[in-house]
Amino acid sequence: MITFPGIPGLEGVEISMPLLAFIGFTVGIVSGFIGVGGGYMLTPALIIFGFPANFAVGTGLAHIFGNSIVASLRHRKLGNVDIKLGGLMVCGTIPGIELGVRLLNWCEEIGLVDEMVLGASLAILSFTGAFIFWETRRSKRKMDEIIRRGERLPKDIFVSGISKRIQQINIPPLIYFPKSRSRISLWVGLCIGVFTGVLVGFMGVGGGFVIVPCLIYLIGVPSIIAVGTSLFQIIISAGFGAARHTMSGNVVIYASFIMILGACVGTQIGVLATRLVRGPSVRFVLGYSMFFGAAGIALKLASILSAEKVYWLNLTAKGFIIGQMFLLVGMILALVIMALMSRRGHHIPKWAESLVVKD
Amino acid sequence: MTNKKKALIWLIILAVSLAFIIWHTVRWHKMGVHAKISESIKVGKSYIAVIYNLGLMAALGILLGFFMEKVTQVIGYEVKEIKHFEDEEPAGARTGAAREGKAR
């Protein structure tokens, strides 16, 4: 067990070192695969295991900053990072983060920080997760039809027409991104950046679970390029957020350090897995992770609102957060195994054929 | 010198650097230096904490990222670029075309 003596606000807080490294490892796999920082799993997990909310947010951001560098270096090798697009969105993210941090500090002053952070997380995860599920199921059906017709499967396909409408917004200047083959108005990119920035600063997340769906559905970027670009953007947004939270005294650097040692291995697994799967796989795992994250947060929020009188709620929330990490890692590893089996000529379930890359 | 040998040399250099950073971080935590850095925020010297925290995480991120890359090179796992669009040339074809002088 490790303690944090001498840091005001953390008196009596104890956490297991292997648990911290394991949290980093599992969040790293998921983070590298779906392009999120992992804060929406990390922040509730740290709160559940005893960190005050403001420390959970700041410490999580410091970890996400470091881990995103690890993930981006690998994604860049795979050709998954659109630096130009990421750079544009960062310009909007930074002012958004400042707004988010001020909002968080105000919530702490009025004594509602746990409820507000968890409540906002719940609302955003639920809505975004539901949309991703709906769209990805339709995309998968389309890919299954392509297989039935005996045609060649594309790497990615999505059915939402929102990106085409957004690309028709002709407020100059319009910018073309050759890596992603998309064109949008500068102002659209900046607005999406500001929105994600507020979430980063307030919720202690890298913003990836909003950035990735925005890149895919609003800008029309292929899913795996969205993953890499999101992680690149998260370096800047999480770094700025971590700096801001350090200035507010909310970062426990030793905990971030232990988590990144576990995360560096997990991230490699997650990133390299993107070579073996198609776009809908990434979106399915993203949707599931949001659903599980929302459910765990709902349990924790119920526990807090009941003034912790219902003991089993808190216990169930802890179990759920840990369980979802195992489940998501299991899903990613299952996809990897099926892809490798398919490449070696072994039989895989029919429903998986449109999710993996055979060659 | 083969690519694998070069990767091995880099791996050793990166491993030594990482070992130093890990030793430093654990030592400073046990000595209470991290707590003192947190206290510097209260006396208006928050820049010390910002530089240290971000510097440590950036250094770890870069070193760990390159370390893992060299590990995969040493074990012989080849990492190829992903073809995202149907009309995209694979990375090998571009290299081949450049060698033949057909690059624009």
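All of the numbers you see were taken from the coordinates with simple rules; none came from a lab. Computed from a predicted structure; not experimentally measured. Counting neighbours? That spans all protein chains shown, and the Cβs are built from the backbone with ideal geometry, glycine included.
Dividing the alpha-carbon Rg of the range B:10-52 by 2.2 N^0.38 Å yields what?
1.47
Which of the GluC sites (Glu not before Pro) found in the range A:120-181 are loop residues per DSSP with 15 or fewer other Cβ atoms within 10 Å of their Cβ?
The qualifying sites are A:E151.
Output the 0 to 90 degree angle, nearest 10, between the alpha-carbon long axis of helix A:311-343 and the longest principal axis computed from the alpha carbons of chain A.
Taking Cα atoms only, the helix is inclined about 30 degrees.
So for the range A:121-272, averaging the separation of alpha carbon pairs under 8 Å that are six or more residues apart and normalising by length, what relative contact order in percent results?
That works out to 18 percent.
Provide a whole-number value for the mean count of partner chain Cβ atoms within 10 Å of the Cβ atoms in peptide A:7-18.
Mean shielding count: 1.
Efficiency by 1/(1 + (r/R0)^6): what FRET value for B:I12 and A:R76, r their Cβ-Cβ distance, R0 = 30 Å, to the nearest 0.05?
E between B:I12 and A:R76, to the nearest 0.05, is 0.80.
Per residue and in cubic angstrom, what volume does the convex hull of the Cα atoms of the range A:174-248 have? All intermediate terms of the calculation are to be shown ahead of the outcome.
Details: hull volume 5.8 nm³, N = 75.
Per-residue hull volume (Cα only) is 78 Å³.
Quick one: give the max-minus-min coordinate of the C-alpha atoms of the range A:289-359 along each principal axis, largest first, in Å.
The Cα atoms of the range A:289-359 stretch 56, 15, 15 Å along the principal axes, largest first.
Along Cα→Cβ, 7 Å out, is where each label goes; now give me the distance between the ones at A:I146 and A:F131 in nm to one decimal.
It works out to 2.3 nm between the two label points.
With charges only on Cβ, +1 for K and R and -1 for D and E, what is the dipole size of chain A about its Cα centre, in debye, rounded to 20?
1860
Averaging over every viewing direction, what projected area does the convex hull of the Cα atoms of the protein assembly as shown cover, in nm²? Could you put the intermediate results ahead of the total?
Working: hull surface 96.5 nm².
Its average projected convex-hull area is 24.1 nm².
State which entries of B:K5/B:K70; A:K77/B:K6; A:K77/A:K179; A:K77/B:K4; A:K350/B:K83; A:K164/B:K80 exceed 21 angstrom in Cα-Cα distance in the structure shown.
Among B:K5/B:K70; A:K77/B:K6; A:K77/A:K179; A:K77/B:K4; A:K350/B:K83; A:K164/B:K80, the Cα-Cα distance tops 21 Å for A:K350/B:K83; A:K164/B:K80.
If you keep only loop residues by DSSP, which trypsin sites (Lys or Arg not before Pro) in the range B:31-80 have at most 12 other Cβ atoms within 10 Å of their Cβ?
Passing sites in the range B:31-80 are B:K42, B:K45, B:K80.
To one decimal place, what orientation-averaged projected area in nm² is obtained for the convex hull of the Cα set of the range A:206-359?
Details: hull surface 46.9 nm².
Quarter of the Cα hull surface area: 11.7 nm².
How many nm separate the modelled label positions at A:H346 and B:V43, each set 7 Å beyond the Cα in the direction of the Cβ?
6.2
Quick check: the angle from helix A:83-109's long axis to the longest principal axis of chain A, C-alpha only, nearest 10 degrees?
It works out to around 30 degrees.
Report, in deg cm²/dmol and to the nearest 500, the calculated mean residue ellipticity at 222 nm for chain A, where each DSSP H run with n ≥ 4 adds -39500 (n - 2.57) and the sum is divided by the residue count.
Mean residue ellipticity, 222 nm, calculated: -24500 deg cm²/dmol.
Going by Cα centres, the range A:160-210 and the range A:265-338 are how many Å apart?
26
Hey, what did chain A get for relative contact order, percent, Cα under 8 Å, at least 6 apart?
The normalised contact order for chain A reaches 33 percent.
Starting from a Cα-only point model with no solvent, please compute log10 I(q)/I(0) by Debye for the range A:35-106 at q = 0.14, 0.23, 0.24 1/Å.
So the normalised log intensities are -0.56, -1.12, -1.15.
First measure r as the distance between the Cβ atoms of A:A334 and B:K4, then evaluate 1/(1 + (r/R0)^6) with R0 = 35 Å and state the FRET efficiency to the nearest 0.05.
Step by step, r from the Cβ atoms, then E = 0.65.
Along the charge dipole of the protein assembly as shown, Cβ charges K/R +1 and D/E -1, which of B:A59, A:I322, A:G239 sits furthest on the positive end?
Highest projection toward the positive end goes to B:A59.
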